[in-house]
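K.L.:
Sharing a structure below in structure tokens format, with a few things to ask.
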Amino acid sequence: MAAVDGLQFQEFDDAENLLGANRDATTISIGDPNEKPTNQRRSLGNSPREEDDDLLGNADSDKTELLAGQRKSAAFWTFEYYQKFFDVDTYQVLDRIKGSVLPLPSKNFVRLYIRSNPDLYGPFWICATLVFAIAISGNISNFLVHLGQPQYHYMPEFRKVTIAATAIYSYAWLVPLALWGFLMWRNSKVMNIVSYSFLEIVCVYGYSLFIYIPAAILWIIPIEWVRWITILVAMCLSGSVLVITFWPAVRDDHRRIAIATISAVIILHALLAVGCKAYFFDAPQIEVPGVSGSIASGNRTVTAVKTH
Amino acid sequence: MNETDLTGPVVFCLALGATLLLAGKVHFSYVYGISVIGCFAMHALLNLMSMSEVSCGCVASVLGYCLLPMVTLSSCAVFFSLKGIIGTILALIIIGWCSLSASKIFISTLAMDGQQLLIAYPCALLYGVFALLTVF
């Protein structure tokens with residue numbers, strides 16, 4: 001270290017230089033996981049396997065170390081058990097939302113944003129917002145399509161809210177459950193280095209639904225090709241985030257199973273989007289012109305019969 | 001915020017119901033039901049998100065006091081209809097005002113830093129339901 005110079009500000013050397021002086025010192029580095037290899041190779045007592053786990057986001061090694069001393073086992077019906085899933089800031093949530101709509105091939109969503117802190121706040125509120133956005137936009141587009149027609153009396157359909165809620169919440173919880181079970185089963189057969197916990201998969205799926213909220217608002221526009229382009233763009237963006245997330249988990253498996261898993265993920269995602277659009281935004285357009293036409297012709301025939 | 005005072009909130013809820021009555025809508029039961037459900041939901045959410053515990057009375061007190069701008073919105077509805085662009089913008093401003101003040105009190109009481117917007121969003125949904133009641 002440089003000589004102490006009274007009240008002058010001292011520049012601290014880099015971690016590498018300090019470690020060069022004292023090889024046994026423990027260091028704390030705050031930064032990307034990418035930086036870790038340089039420090040860990042110098043400090044003693046770190047096996048390569050721990051390094052791999054830290055890099056690839058496997059949370060189990062961290063948690064077992066921390067929890068070995070104190071067992072904080074709160075029962076699952078108390079609030080304390082669920083408190084650890086709501087430990088997020090505004091910026092973390094906003095970052096995760098941004099990460100879910102901008103797929104970058106080098107950045108794995110789970111590793112970069114979730115990093116063994118999966119939260120339930122994001123998935124729950126994004127699903128709730130999506131349910132209301134779809135229900136409200138469906139009613140508005142229904143209202144706008146039939147704005148000029150005198151026969152159509154506008155009635156808000158609240159039954160659509162419950163159907164939307166059931167569909168979206170079951171997609172956000174059952175598909176991650178199935179995927180997690182499938183990955184666990186394959187994990188026991190093939191040695192994968194990457195495994196995601198159930199809550200991390202729920203988190204990824206929840207945040208990937210965020211892109212459908214602005215899409216649902218854009219679906220109010222009654223032009224068909226605008227709606228289809230919106231669906232395609234939304235699907236591509238969030239679908240690619242899902243693919244980038246789950247590809248490392250299946251790439252070590254047999255070729256066919258890996259491709260089947262990834263295509264199942266994409267197909268289910270597409271099915272949700274197209275199903276929502278078809279059920280909430282398209283159906284009345286097909287039915288009502290026929291009904292109103294037949295009512296009009298029915299009135300004419302009734303009046304014709306009456307006059308004779 | 002150690003003393004939970006429910007007088008103010010009850011007076012404001014009654015004032016909201018009275019101004020809605022002046023506009024021709026009898027919605028006392030809806031106001032009561034939405035307040036109770038919203039209070040329980042916010043109580044659950046705040047207990048999950050903060051380290052210190054909150055009582056239901058404290059949550060009810062804060063939510064009730066921050067309902068005051070909604071009372072001004074519904075008194076505006078007596079004089080002119082809110083079903084237009086101006087009404088919508090006014091309703092959005094009032095919702096934002098209510099939810100930001102409620103979330104500010106919550107995070108200062110419970111020492112949850114960096115989570116103001118996360119608390120403001122559910123509050124905005126709750127006050128949005130009140131605004132729907134007022135506008136439509």
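The values are calculated or read from the model by the stated rules, or taken from the named source; none is laboratory data. Bear in mind the structure is a predicted one, so any value in this text is a computation, not a measurement. Cβ coordinates were reconstructed from backbone atoms using ideal geometry, including for glycine residues, and neighbour counts include every protein chain displayed. Side chains included, ligands, DNA and RNA excluded: accessible areas come from the protein's heavy atoms. Shrake-Rupley method; radii C 1.70, N 1.55, O 1.52, S 1.80 Å.
K.L.:
What spacing in nm lies between the two simple spin-label points modelled at A:Thr166 and B:Ser108, each 7 Å away from Cα in the Cβ direction?
P.N.:
4.6 nm
K.L.:
Top to bottom by accessible area (1.4 Å), largest first, where do A:Ile211, B:Ile89, A:Ile257 land?
P.N.:
Numbers: A:Ile211 25, B:Ile89 90, A:Ile257 50 Å².
Largest accessible area first, the list is B:Ile89, A:Ile257, A:Ile211.
K.L.:
Calculate the FRET efficiency for A:Ala270 and B:Ala41 from the Cβ-Cβ distance with a Förster distance of 30 Å, rounded to the nearest 0.05. Working shown, then result.
P.N.:
On the way: r = 33 Å, r/R0 = 1.10.
That pair, A:Ala270 with B:Ala41, gives E of 0.35.
K.L.:
Per DSSP H run of at least 4 residues, take -39500 (n - 2.57); add these up for chain B, divide by its residues and hand me the 222 nm value, nearest 500 deg cm²/dmol.
P.N.:
So the helix-based figure for chain B works out to -26500 deg cm²/dmol.
K.L.:
In nm, give the distance between the simple-model label positions of A:Tyr91 and A:Ile140, each being 7 Å from the Cα along the Cα-to-Cβ direction.
P.N.:
3.3 nm
K.L.:
A further question follows. Between 0 and 90 degrees, rounded to the nearest ten: what's the tilt of helix B:28-49 against the longest Cα principal axis of chain B?
P.N.:
20 degrees
K.L.:
Another question, if that's okay. How much solvent-accessible surface does B:Leu20 expose, in Å² to the nearest 10, with a 1.4 Å probe and all protein chains in place?
P.N.:
Answer for B:Leu20: close to 0 Å² accessible.
K.L.:
Rank A:Trp173, B:Trp97, A:Trp219 by accessible area, highest first, at a 1.4 Å probe radius? Numbers along the way, then the final one.
P.N.:
Values: A:Trp173 100, B:Trp97 145, A:Trp219 5 Å².
Ranked from most to least accessible, the order is B:Trp97, A:Trp173, A:Trp219.
K.L.:
Further, regarding this structure: Provide the buried accessible surface between chains B and A in square angstrom, both chains summed, 1.4 Å probe, rounded to the nearest 100.
P.N.:
About 1400 Å² of accessible surface is lost on pairing.
K.L.:
Still on this structure: For region B:1-46 and region A:252-278, compute the distance between their C-alpha centroids and round to whole Å.
P.N.:
What the calculation gives is 46 Å, centre to centre.
K.L.:
Also: Please arrange A:His153, A:His146, B:His27 by accessible surface area, largest first, computed with a 1.4 Å probe and ligands excluded.
P.N.:
Working: A:His153 140, A:His146 10, B:His27 40 Å².
Ranked from most to least accessible, the order is A:His153, B:His27, A:His146.
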